[in-house]
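For reference, the structure discussed in these notes is given below.
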Amino acid sequence: MQVYGIDAIIRIVSHLAFIYLAFWALQSVRIDAFFKALQTTQIRMVMVLMAIVLGYTASTFFLELIALCRNLFLIGF
């Protein structure tokens, strides 16, 4: 049971870290050019949603890669 708790904490921290990194990276993109003037709330919401999608995808890829490497080394070629 203890391993599941640690795994859950690692997954949560990884997802949040990658979402933050995606949001930080998206701030350099000029998304406001695609919106009408004075639509700051919608622009922020789109950036948050895009950061969640990108961050979650990158985090899932990273965690899956770690799991595959761990399984590869457990077999011990």
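The values are calculated or read from the model by the stated rules, or taken from the named source; none is laboratory data. Since the structure is predicted, the reported quantities are computational estimates derived from the model, not experimental observations. Heads up, the Cβs are rebuilt from the backbone with ideal geometry, glycines too, and the neighbour counts pull from every protein chain shown. What goes into the accessible areas is simple: the full protein's heavy atoms, side chains included, and nothing from ligands, DNA or RNA. Shrake-Rupley method; radii C 1.70, N 1.55, O 1.52, S 1.80 Å.
Residues of the stretch 11-34 that are closer than 19 Å to Met45 by Cβ, part of a helix (DSSP H, G or I), β-branched (Val, Ile, Thr) and free of Cβ contacts under 8 Å to residues at least 40 places away in the same chain: Ile31 alone.
Scanning the stretch 25-45 for residues that are open to solvent by less than 70 Å² (accessible area, probe 1.4 Å) and touching a Phe, Trp or Tyr at 6+ places or on another chain (Cβ under 8 Å) gives a single hit, Ile43.
Listed by first and then second residue, the pairs with beta-carbon distance under 7 Å, at least 6 apart or on different chains, first residue in the stretch 55-68 and surrounded by 12 or more Cβ atoms within 10 Å (Cβ to Cβ), second assigned to a helix (DSSP H, G or I) and of a type in the set (S, T, N, Q), are Ser59/Ser14; Phe62/Ser14; Leu63/Ser14.
Return yes or no: is Ala22 under 20 Å from the mean Cα position of the chain (by Cα), on the phi < 0 side of the Ramachandran plot and surrounded by 11 or more Cβ atoms within 10 Å (Cβ to Cβ)? So Ala22 fits the description; yes.
Does Leu38 fit the bill of being of a type in the set (A, V, I, L, M) and assigned to a helix (DSSP H, G or I)?
no
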